[in-house]
Amino acid sequence: MYKTKIRGVLIKGNKSYRQITDDIIRPIEGKTPRWWYIAMTISTLALAMGIWAIYITISQGIGRWGLNNSVAWGWGIINFVWWIGIGHAGTAFSIFLLILRQKWRTSINRAAEAMTVFAVICAGVFPLLHMGRVWLAFFIFPYPNTRGPLWVNFNSPLFWDVVAISTYLMASATFWYIGMIPDFATIRDKTKSRIKKALYGFFSLGWIGNARSWLRFETTALILGGLTAPLVIAVHSIVSMDFATSVMAGWHTTVFPPYFVIGAIFSGFAMVLTLMIIVRRIYKFQDYVTDSHLNAIAKILVFISLIMGTAYSTEIFIAWYSGSEGEIYTFFHNRITGSHTKAFWTMVSCNAIIPQLFWFKKIRSSIAMVFIISIIINIGMWFERYVIIVTSLTKDYMPSNWATYKPTIVEVGTYLGTIGIFCLGVLLFLRYIPMMAMSELKAINKETS
Amino acid sequence: MTNKMIIGVYDDEGMLMSSIRQIQEKGFTINDVYSPYPIHEVFEALKIKTRLPLAAFLYSTFGMLATFAFLYWTSVVNYPLVFGGKPQNTLSFVVILFVMIINIGCLFTIITFFVREKKYPGVKPEILHPGVTDDKYLIVIQKDEKLSKNDLESINTLLKNNGAIEITEK
């Protein structure tokens with residue numbers, strides 16, 4: 001294989017394999033730090049708020065949300081698309097880089113896959129609640145029934161969503177778990193605690209690391225990677241078709257699938273960056289998540305940011321070029337100017353302008369700046385979904401339909417609740433699961449350190 | 001035939017590989033090699049292959065056919081709903097087909113992996129050396145009746161001369 005020095009050192013400190021094992025299982029074997037309990041408490045409070053909001057939504061109905069006849073999709077769908085976008089990080093990182101044989105994925109893939117699983121679970125909460133009567137949610141699945149038999153509409157993007165997202169969750173979760181089996185075996189053989197030995201032994205499924213098992217393990221990972229990579233494209237293309245197949249101004253556009261896919265990868269990569277910077281600082285993992293890793297992600301982000309800018313410009317250009325009054329009104333008088341100006345320009349600045357700072361090496365090498373910009377991107381991506389959904393729905397083709405939209409405390413509570421679920425998941429992951437794939441780090445250790 | 005085996009323990013990948021080559025050159029059969037991470041040269045040296053990619057292809061093909069049959073039956077045979085005068089057997093089936101190819105392909109491949117590997121929750125591992133999941137490599141050679149005393153001695157010498165830090169029998 002052709003080797004290039006472009007990437008720099010991926011594991012610093014000339015580490016032995018035993019050192020790698022000890023470093024990665026240190027957070028699991030060591031005492032639980034105080035910050036972890038504090039973070040768990042805050043996350044649980046957020047989750048409690050979410051449970052209250054979900055209880056209100058289920059017991060009193062969607063009427064407790066700020067929706068109306070015109071704006072029938074509000075924060076629920078904004079947050080659904082936002083979480084699904086973040087959920088693309090794991091697959092984008094782990095699977096695209098795996099099939100492209102990019103070795104720098106090894107320190108980051110496990111955390112990115114964990115994020116995917118938790119983010120997709122968070123995303124699933126919103127459409128489920130939005131159905132109104134969640135106890136009838138099983139109606140969405142095609143099963144033999146006594147209503148005709150009446151089958152679901154297989155041509156509806158909303159049904160495609162159900163199939164694609166549940167497949168994505170299944171594939172991501174199993175890909176994540178299979179990758180962890182050898183590492184669980186390492187902890188089983190290393191730990192002195194009997195409880196941990198039993199627990200990790202149970203989940204390691206008797207792994208012993210013989211050659212045939214490794215061959216099958218690698219082959220299965222590659223097959224899952226190869227099959228799931230097109231799924232990443234499909235999932236967010238389908239999410240975009242929830243909008244694009246309707247006739248709303250600002251939604252009815254063919255650029256939506258690639259624009260949504262790239263936007264999802266953008267927010268996912270930004271979230272990975274935020275998380276990895278925190279992890280590397282707290283657990284002193286600078287030898288594994290090196291400046292070279294952060295630099296590589298920042299370079300990808302600046303490239304994607306350019307694509308985002310191009311997508312925004314394309315939409316605006318096509319709205320003008322089409323000569324459609326509705327499109328022109330939506331883009332020029334309800335987004336660039338008008339009552340949603342702030343949201344629109346926040347979106348443009350956060351996603352297309354500020355990330356351009358990553359062109360400068362000085363900015364890319366400043367951890368504080370990289371961290372701040374990664375958060376800015378996630379804020380910008382939330383506003384992108386807000387702009388798409390709320391601007392188009394508040395002012396459609398008929399002025400008599402025009403309405404305003406403000407989220408209620410129940411919608412905000414549900415959103416906070418999902419942030420609680422996500423943070424709880426990440427915190428449990430950091431405490432009980434090796435946050436880097438030890439076997440993969442060992443495999444690249446010699447040639448990249 | 002006895003169940004006994006000779007185990008050479010190494011702490012360096014290079015030494016492990018040269019040992020494997022020399023043992024094979026002398027005509028002895030290596031039963032298995034254990035390592036803390038996958039080593040492609042080992043797969044080649046032991047000439048082991050897997051048919052998982054073929055299985056995945058077959059599962060995905062089955063997924064496509066089964067899904068199409070289901071969509072056709074529900075939408076054309078069982079409850080042919082007319083909307084907008086469009087045909088019931090429609091091109092937009094392709095989205096569900098695409099996703100279900102991936103779904104069934106992934107699911108069955110994972111099941112096959114677990115079944116072929118005999119990996120279930122609670123399986124007790126046969127740990128030949130405690131360091132094998134950490135930083136040690138093992139070469140395992142079955143001690144069968146075909147091996148004479150001289151053969152066993154030369155295997156031991158080969159393992160030792162190629163840097164085995166420990167040679168055990170189990």
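The values are calculated or read from the model by the stated rules, or taken from the named source; none is laboratory data. These numbers come from a predicted model, not from an experiment. Cβ: placed from backbone, ideal geometry, glycine included. Neighbour counts: every protein chain shown.
Only one of the numbered conditions (1) within 12 Å of chain B (Cβ to nearest Cβ); (2) at pLDDT 90 or above is violated by A:TRP251, and that is (1). The residues of segment B:21-73 that are surrounded by fewer than 16 Cβ atoms within 10 Å (Cβ to Cβ) and facing chain A (nearest Cβ under 7 Å) amount to a single one, B:PRO53. Within segment B:121-136, being within 18 Å of B:THR168 (Cα to Cα) and part of a loop (DSSP other than H, G, I, E, B) holds for B:GLU126, B:ILE127, B:LEU128, B:HIS129, B:ASP135, B:LYS136. Scanning segment A:199-229 for residues that are more than 7 Å from chain B (Cβ to nearest Cβ) and without any contact (Cβ under 8 Å) to a residue 12 or more places away in the chain yields a count of 1. Within segment A:93-108, identify whether any single residue is under 18 Å from A:SER237 (Cα atoms) and surrounded by fewer than 24 Cβ atoms within 10 Å (Cβ to Cβ), and answer yes or no. Yes, that holds for at least one residue. Scanning segment B:114-133 for residues that are among the hydrophobic types (A, V, I, L, M, F, W, C) and more than 7 Å from chain A (Cβ to nearest Cβ) yields a count of 3. With respect to the conditions (1) without any contact (Cβ under 8 Å) to a residue 40 or more places away in the chain; (2) assigned to a helix (DSSP H, G or I); (3) aliphatic (A, V, I, L, M); (4) at the interface with chain B (Cβ under 7 Å from one of its Cβ atoms), A:ILE195 falls short on a single one, namely (4). The residues in segment A:207-257 that are over 30 Å from A:ASN401 (Cβ atoms) and not in a helix (DSSP H, G or I) can be counted, and the count is 4. Against the numbered list (1) β-branched (Val, Ile, Thr); (2) out of contact with any Lys or Arg (no Cβ under 8 Å at 6 or more places or on another chain); (3) crowded, with 23+ Cβ neighbours inside 10 Å, A:ILE187 comes up short only at (2). Residues in segment A:287-299 that are within 18 Å of A:ALA352 (Cα to Cα) and surrounded by 18 or more Cβ atoms within 10 Å (Cβ to Cβ): A:ILE297, A:ALA298. Where helices (runs of 4 or more DSSP H) fall wholly inside segment A:1-105, the ranges with 3 or more residues that are at pLDDT 90 or above and farther than 30 Å from B:ASP12 by Cα are A:34-60, A:75-86. Of the residues examined, B:LYS149 is one that is farther than 30 Å from A:ILE223 by Cβ and more than 9 Å from chain A (Cβ to nearest Cβ). Does segment B:82-99 contain any residue that is outside the structural domain of B:ASP12 (by TED's automatic domain parsing), hydroxyl-bearing (Ser, Thr, Tyr) and part of a helix (DSSP H, G or I)? Looking through segment B:82-99, none of the residues is outside the structural domain of B:ASP12 (by TED's automatic domain parsing), hydroxyl-bearing (Ser, Thr, Tyr) and part of a helix (DSSP H, G or I). Looking across segment A:190-219, just one residue is surrounded by fewer than 17 Cβ atoms within 10 Å (Cβ to Cβ) and among the hydroxyl-bearing types (Ser, Thr, Tyr), and that is A:SER193.
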